[in-house]
1. At pLDDT 90 or above and part of a loop (DSSP other than H, G, I, E, B), is that true of Ser38?
2. Within the range 500-554, track down each residue that is of a type in the set (Phe, Trp, Tyr) and in contact with a helix residue (DSSP H, G or I) (Cβ under 7 Å, 6 or more places away or on another chain).
3. Looking at (1) more than 28 Å from Gly46 (Cα to Cα); (2) more than 25 Å from the chain's Cα centre (by Cα); (3) at pLDDT 80 or above, which one does Val520 not meet, given that it meets all the others?
4. At least 3 residues that are over 13 Å from Ile318 (Cα atoms) in each: list the strands (runs of 3 or more DSSP E) lying fully within the range 196-298 that qualify.
5. Could you please give the count of residues in the range 445-487 that are under 24 Å from the mean Cα position of the chain (by Cα) and closer than 17 Å to Ile74 by Cα?
6. Filter the range 184-202 for residues that are at pLDDT 90 or above and under 22 Å from Cys43 (Cα atoms); which is surrounded by the most Cβ atoms within 10 Å (Cβ to Cβ)?
7. For the range 421-436, does any single residue satisfy the condition of being within 21 Å of Ala514 (Cα to Cα), without any contact (Cβ under 8 Å) to a residue 40 or more places away in the chain and among the β-branched types (Val, Ile, Thr)?
8. When the residues of the range 584-625 are narrowed to those that are in a strand (DSSP E or B) and within 24 Å of Ala54 (Cβ to Cβ), which ends up modelled with the lowest pLDDT?
Amino acid sequence: MVQKISYCRICQASCGIIANVEDNRIVQIVGDADNPLSQGFTCPKGRRGGELLAGPSRLTQSLKKQPDGSFAPIDPLVAAAEIGARLTEIIGESGAESAGMFRGTQQAFNSLTRSIAAAWWKGVGSHKIFSTMTIDQSAKWVVSGRMGDYMGGRQGFDDADVWMLAGTNPLISVNGGTADGVLMHNPSASLRAARERGLKLIVIDPRRTETAYQADIHLMPVPGHDALIFAGILNIILSEGLHDREFCDRFADGVEALADAVASATPQRVEAVTGIPAGQLLEAARLFAKGPRGMVSTGTGVCMGPDSNVAEHLATCINVVCGRYRREGEPAFGPAVMMPDLPARAEVSPPARSWERGWRSRFGAGVLMGELPSCTLNDEILEPGEDRIRALIVSGANPLLAMPDADRTRRAFASLDLLVAIDTRLSETAQMADYVIAPTMFYERGDHTMTMEYVFPKPYAMATGPIVEPPPGTIDDWRFFFELARVMDIPIRVSGRDLDMDAPPSSETLLQWAAGRGRVPLAEIAAAPHGLLAAPRQAKVEPASDAMKDNRLQLIPEDVAQEIAAALARPGAGDGELRLIVRRMRGIMNTLGREFRDIGDGFNPAHFHPGDMARLDIAEDSQVRLTSRHGSVTAVARADPTLRPGCVSLTHGWGGLDPASAQGVNVNVLTGHDALTQTVNHMPVLTGVPLMVERAA
């Protein structure tokens, strides 16, 4: 048995691991105690990475659908040639916009695939690119586009006095919020150390989560009213004069208008709608405003709920009015090691509103951070039109299970002329595909952490080679996209270099080029077997440049003001109404890991507060029927005293589309498009959904 050092690529934390390898098989994964960032921590899903590589559901050869609906093996290079020829034919008949691509989490954690796929897609010339971000936390993109960004940097967790976490449970998800690295690495120990040095923690969550259990103040609301809660906190801070006037005067427009907009969100109003006691809301707002250091971080619980764009905007406004950013002359934080090291400046990058400029789809959607909203994908496929999507490439994602309104997504995918899935499993999406490309997996390929640096709390980097050989029938994802480009006669330019399309470079060469502008040479990083913690930047936050000195954050532009008014006017839940909320399991990353039958219950139970079970005469382990305006599922009832009464909790990313699936129910059967879908990003409501519950026959 040989021990090999690498890092995990299941999520953005990129924790250091030690793999015990025997006969080209990973038999055990443990945390690397010498890794300077994760310091020996790994989560359950990371420790099972070897099982994911060698599990019975792993695809080790690419597949082509036959006329009878079965699959037959196909060489991936032959598949690329056939797919490239078919794409060229479709684009020739219907134009570039008839092709679409959907990118998922597992592409995001693969450095070379991200860059090569993007370069190929640029050559295709289609605007029809989608990702899981617009069914996740794209409200953050919308806020940046409408408010602008302060370029001096956010305050950090390590020296914070107070922190507010809303709609996130990082002790389970290992993701604390807004790309700030909060509680990402060894979260329990990190939070414990912060609490011991005096950090005050405020958590907003309708469940007493593992993180909420550690909080000084836990606001436990009726779900679906995050915008009202943040408005209430802002109202207290602004009406009591607890905001940072100096920061606001210099960098923010609209403070007084914002105060007027949230004036109706009194503690009493918040209590009446959300159930949060007025005194507790006052205590939380005053504790946060007292600071003086620390931020609000939000997660999917906020960004998947009703009025998510407004809620995220108001949460960011709390950070702004409290001045929770690094000022001119303060030490600048820069996580860049392999990325270019850019200066931090005490200035504002103005609102870009990219969706209001340039190309727009026939459904009124503009481009947001280079892509279209995922919830317009079905329309793009199903609705007749000259630029209807006829061909779709799905890379590292399972949109059929992740998207709302699964029945319509299934109809859309069935109507395509060409569906290609690049997947390590025969997922629900892959089962519908014309071609399934079996890629290599992490630990079977080299990579480095450059694309994850922006979320690390310290300037850290690691480079690793493969630690096991891939199955002979697989192909690196990036090489598949390279072959598509070659077949379609599309030139590829990455890292400032035009590739020789007749002689693909090695993965090692591509990784070297990608890191060529970093402040630490890749050779030095690769020579550090446990990863490199680079010397902190000595730079200070610089003064504003002449070109940017007059820019200001826009706290309440006209469209935001209208959305705030609508959100704050929404009534609360009716008596006895139940609402769906979602949770995560320790052992699953979105839909990856569902095959492990010993994770959790092995299915997806519906969790109820014991009081609700008694009121509804529902017994433990009995079958219950959950019905929303979008669909119904039958699940097994389980008591959960950590829930606020009135909530039903199912796990995100679990279950199958078949109601009889042994993997349990899929929560997104209960979700879809309705009047609460957000502007700009077309984000649907995926949590805080009203439900009817009855005992199943």
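The values are calculated or read from the model by the stated rules, or taken from the named source; none is laboratory data. Because the structure is predicted, anything quoted here is derived from the model rather than measured. Because the Cβ atoms are built from the backbone with ideal geometry, glycine has one as well, and the counts that use them run over all protein chains shown.
1. For Ser38, the condition - at pLDDT 90 or above and part of a loop (DSSP other than H, G, I, E, B) - is met.
2. Answer for the range 500-554, where residues must be of a type in the set (Phe, Trp, Tyr) and in contact with a helix residue (DSSP H, G or I) (Cβ under 7 Å, 6 or more places away or on another chain): there is none.
3. (1)
4. Output list reads 200-204, 217-219.
5. So the count comes out to 3.
6. Taking the range 184-202 as the starting set, the residues that turn out to be at pLDDT 90 or above are 191-202.
This time we only want the ones that are under 22 Å from Cys43 (Cα atoms), so: 191-195.
Numbers: Leu191: 24, Arg192: 11, Ala193: 12, Ala194: 20, Arg195: 14.
That would be Leu191.
7. Our first condition is that a residue be within 21 Å of Ala514 (Cα to Cα); within the range 421-436, this holds for none.
No, the range 421-436 contains no residue that is within 21 Å of Ala514 (Cα to Cα), without any contact (Cβ under 8 Å) to a residue 40 or more places away in the chain and among the β-branched types (Val, Ile, Thr).
8. So in the range 584-625, the residues in a strand (DSSP E or B) come out as 589, 592, 606-608, 623-625.
Then drop every residue that is not within 24 Å of Ala54 (Cβ to Cβ), which leaves 589, 592.
Details: Met589: 60, Leu592: 63.
The extreme case among them is Met589.
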